[in-house]
Structures are given as structure tokens and as C-alpha cells.
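Chemist: Below is one structure. I have some questions about it.
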């Protein structure tokens, strides 16, 4: 079977797993939208809004699994590993989006949270025909970034059967890496390959099979939870403030001033002075403001506690 799958790619997957397709909720027709082509604009958007309302509840039922995944990712990163998202099509783009947002939000290296999408960079903005149909490509792309046992691989596949994602998860398992699946169809191959399965079952889409809709929304919610909770646990936030964000434009520079003033309980002008003296390092500036010390002392204090802001500020 594996040989046939590799030889005939998309044709094999189109013909062979018909029973799987029949069981996928995401491939079923939504009874409420069968007259979609005859609805008014108001009826369509009202129906979509009602269906979207089911997504948060579906994600909520997966909270224990999401929390387990967060703990696993934190443990992997603390050992020197990375968080690696793997997906195809809309699912892959969700991974790319979340990974791209992590460096500016949390001040981390772009190498710490990676995203692989079937078809490569070109697939981010356009469909690459057949890119997702090869398990071998999933393995190849993980090899290319030198995946190690310390890494955590999160396979994102609404269908639960995407060959590219299955190949990546199989390779990750063989290498001893932690594997997580994010899918909208629980009883599918992706769920059997992953150590932790996150499966918000959002039901049939308003537009049959178009998983960029409810399934995609649920994926965005889950990935938001994973990355935000992981970075909070790793100390990249202070209270609920983005203490490590990158100050890359005027809007963010203004936000940094407000964060400093809010966190320290001081004035915006004092925050501006501290940030300038700290070389725009928000952690150093906060210690300066809280502990009433200069930048040199603040840096030493942070270094002594390995960057732990709570300890550095005596909290």
C-alpha cells in the first residue's frame, strides 16, 4: 500500500480512502445550508455567523488536550528543541501565520517556532497542485530543517488524512520527537499517529468541504492557545503584557511606553526615559523603573536570575 501511495500520489488518495471520506464530518453536507445558492446576502452571513458560534464550544471541549500539548512543547523547548508546525493548504497557512507572529510578539528567534507547508513558500499565497499528496515530502521537509528528538511536531490537518502531514508525523515518531495532531476529524489516521490529539469537531461546513471556514477558525484558535500559553510559561510575558515584543514601528514604540508605564505604575515620561537609557530593552527598563536603579545594575540583576522578571523585581 505504501508503494502504491508513493507511485500514484493524488490518484491513490482520491480513489482508495473513500470510506474515510464518508466518515469525515468536514466532507458531509450541512443541512442548514443546502439552499445556499438561493439565499440572500443577509441569510448567508447570518447562517455563517450561527455556524461559527459552534466553533468556540468545540475548541473548549479540547482544552485538556491543548493544555497537555502546551506542557509538552514547553518541555521540548527547555531541552533545546523547537515547535514545528506542519500542514498543507489552508491548514499549512494557519501554521505559517502563527509561526510568523511569534518573533515580533514574544521577541524570540525565528528558528524557535517553524512552519512547514506542502509546496513550500509558493504555497503560502497560491495553491500548489498535488503538493500535499506525498508522504515522502513531509519527511523530506523535516529532514531539511534537521528535525531532532527534542523538537515537537504539530501536524495540522482538518481532514485528518493529508499524506504530507502523515509522512511528517511518521518520521517524527521514528526519530523519537513528541507529536501533536490538530484536526477536525478524530477517527482518522492523523489521530492514530500523534501522541496528543486535539480534535475540535466543528461539524459540516456551510460550503461543503471548504475547511478554510469553521475548521480553519478552530485551527487558528488552537494555535493561538498553543503559542501564547507556551510563551507565557517560558517567561516571555510579564503579567499579561508583551514584555519582549520587537519595537519595529511607531505604533509598537508607543505601545512599549504604555506597557512600561502600566507595569511600573509610573508615568509615560519616566517610561520613555528608562527605555532610552536601556537601549529600548523593555526588560531592563522595567527593572530600572521598579527597582530605582540604572541600566548597568538592572542588566546585572537580570543576568543573576537568568532573566526572570519576577525575581529581578523582587516579586
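Chemist: Does segment 92-128 hold any residues that are over 16 Å from residue 152 (Cβ atoms) and touching a residue at least 60 places away in the same chain (Cβ under 8 Å), and which are they?
Modeler: Across segment 92-128, the qualifying residues are 92, 94, 97, 101, 103, 104, 105, 106, 107.
Chemist: Suppose we filter segment 259-274 for residues that are in a helix (DSSP H, G or I), free of Cβ contacts under 8 Å to residues at least 12 places away in the same chain and within 34 Å of the chain's Cα centre (by Cα); how many remain?
Modeler: Count: 2.
Chemist: Any residue that is outside any helix (DSSP H, G or I) and either at positive phi or surrounded by fewer than 19 Cβ atoms within 10 Å (Cβ to Cβ) (or both) - is there at least one of those in segment 216-232?
Modeler: First pass over segment 216-232, keeping only residues outside any helix (DSSP H, G or I): none.
No: zero hits.
Chemist: Suppose we filter segment 27-67 for residues that are within 23 Å of the chain's Cα centre (by Cα) and surrounded by fewer than 11 Cβ atoms within 10 Å (Cβ to Cβ); how many remain?
Modeler: Going through segment 27-67 one residue at a time, the tally reaches 3.
Chemist: What is the residue count in segment 70-90 for residues that are out of contact with any helix residue (DSSP H, G or I) (no Cβ under 6 Å at 6 or more places or on another chain) and in a helix (DSSP H, G or I)? Outline the logic, then answer.
Modeler: Here is the first cut: in segment 70-90, the ones out of contact with any helix residue (DSSP H, G or I) (no Cβ under 6 Å at 6 or more places or on another chain) are 71-72, 75-82, 84, 89.
Checking the rest, the ones that are also in a helix (DSSP H, G or I) come to 71-72, 75-78, 89.
Count: 7.
Chemist: Continuing with this model, one more query. Only one of (1) touching a helix residue (DSSP H, G or I) at 6+ places or on another chain (Cβ under 8 Å); (2) outside the structural domain of residue 52 (by TED's automatic domain parsing); (3) modelled with pLDDT of 95 or more is not met by residue 296, so which one is it?
Modeler: It is condition (1) that residue 296 fails.
Chemist: Taking the condition of being farther than 12 Å from residue 99 by Cα and under 18 Å from the mean Cα position of the chain (by Cα), how many residues in segment 109-124 meet it?
Modeler: First pass over segment 109-124, keeping only residues farther than 12 Å from residue 99 by Cα: 118-124.
With under 18 Å from the mean Cα position of the chain (by Cα) added as a condition, the list becomes 118, 120-121, 123-124.
Final tally of qualifying residues: 5.
Chemist: Which residues, taken from segment 99-135, are in a helix (DSSP H, G or I) and on the phi > 0 side of the Ramachandran plot?
Modeler: Let us first name the residues in segment 99-135 that are in a helix (DSSP H, G or I), namely 99-106, 120-124, 131-133, 135.
Residue satisfying the conditions is 120 alone.
The values are calculated or read from the model by the stated rules, or taken from the named source; none is laboratory data. Note that the coordinates shown come from a computational prediction; the quantities given were computed from them, not determined experimentally. All Cβ positions, even for glycine, are placed from backbone atoms using ideal geometry, and neighbour counts span all protein chains on display.
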